1. Working only within the stretch 107-128, note down all residues that are open to solvent by 30 Å² or more (accessible area, probe 1.4 Å) and either in contact with a Ser or Thr (Cβ under 7 Å, 6 or more places away or on another chain) or closer than 14 Å to Asp61 by Cα (or both).
2. Here's a check for you: in the stretch 19-58, which residue that is in contact with a helix residue (DSSP H, G or I) (Cβ under 7 Å, 6 or more places away or on another chain) and within 22 Å of Ala154 (Cα to Cα) is modelled with the lowest pLDDT?
3. When you go through (1) under 17 Å from Val38 (Cβ atoms); (2) not in a strand (DSSP E or B) one by one for Gly97, which number turns out not to apply?
4. Evaluate the stretch 81-92: report whether one residue or more is open to solvent by 50 Å² or more (accessible area, probe 1.4 Å), in a helix (DSSP H, G or I) and touching a strand residue (DSSP E or B) at 6+ places or on another chain (Cβ under 8 Å).
5. Against the definition (in contact with a Gly (Cβ under 7 Å, 6 or more places away or on another chain), of a type outside the set (Ser, Thr, Tyr) and surrounded by 15 or more Cβ atoms within 10 Å (Cβ to Cβ)), how does Leu54 come out, yes or no?
6. Could you list all residues from the stretch 57-72 that are open to solvent by 10 Å² or more (accessible area, probe 1.4 Å) and either of a type in the set (S, T, N, Q) or under 18 Å from Leu95 (Cα atoms) (or both)?
7. Here is a list: Val143, Val134. Which entry is among the aliphatic types (A, V, I, L, M) and open to solvent by 10 Å² or more (accessible area, probe 1.4 Å)?
8. Considering only residues that are in contact with a helix residue (DSSP H, G or I) (Cβ under 7 Å, 6 or more places away or on another chain) and among the small types (Gly, Ala, Ser), look in the stretch 133-154 and name the one that is nearest to Ala81 (Cα to Cα).
Amino acid sequence: MSGGYEARLAEMGVSLPDAPAPAANYVPYVVSGNLVFVSGQISMADGAFITGKLGADMDVDAGAAAAKTCAIGLLAQVKAACGGDLDRLKRVVKLTGFVNSTADFGDQPKVVNGASDFLVEALGDAGRHSRSAVSAASLPFGVAVEIEGIFEIA
């Protein structure tokens, strides 16, 4: 991508935060060969959790916005895994999105689109990926969305 990924993010008004530290006994990412496996990133904005349950007290648009924050967290972890050089990212391989939702809510894919659409907008074709979007009865800290990812790097 011409100008680099961080330049594109800046054009979009997005700056990557420092990669968040894990909240329990695990590592935020594992590099194996040319793949980076990033642990689940939870929905956060301005240092606060984005909480809610889709189908109860949160609508799809708000859920998609929460999912976008997860994608930003994923990119922050990839940048850390690449020693601070996000341009080593070759492509997003797979996302698995977990949506805190009621038993009758069925729009998990629309919620996780908030992350997918953001990654394609920010990374172009390198942002296109395979994906799962599943319901969760609850998520840590009551967050609305958690997304983990697999990324290919150079």
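1. Asp107, Pro109, Lys110, Asn113, Asp117
2. Ala19
3. Tallying (1) under 17 Å from Val38 (Cβ atoms); (2) not in a strand (DSSP E or B), Gly97 fails exactly one: (2).
4. Within the stretch 81-92, one or more residues are open to solvent by 50 Å² or more (accessible area, probe 1.4 Å), in a helix (DSSP H, G or I) and touching a strand residue (DSSP E or B) at 6+ places or on another chain (Cβ under 8 Å).
5. yes
6. Result: Ala64, Ala65, Lys68, Thr69, Ile72.
7. Only one candidate passes the filter, namely Val134.
8. Once the filter is applied, the top-ranked residue is Ala154.
The values are calculated or read from the model by the stated rules, or taken from the named source; none is laboratory data. All values derive from a computational prediction rather than experimental measurement. Ideal geometry is used to build each Cβ from the backbone, glycine not excepted, and the neighbour counts take in all protein chains shown. To get the accessible areas, we keep the full protein, side chains included, count just its heavy atoms, and leave off ligands, DNA and RNA. Shrake-Rupley method; radii C 1.70, N 1.55, O 1.52, S 1.80 Å.
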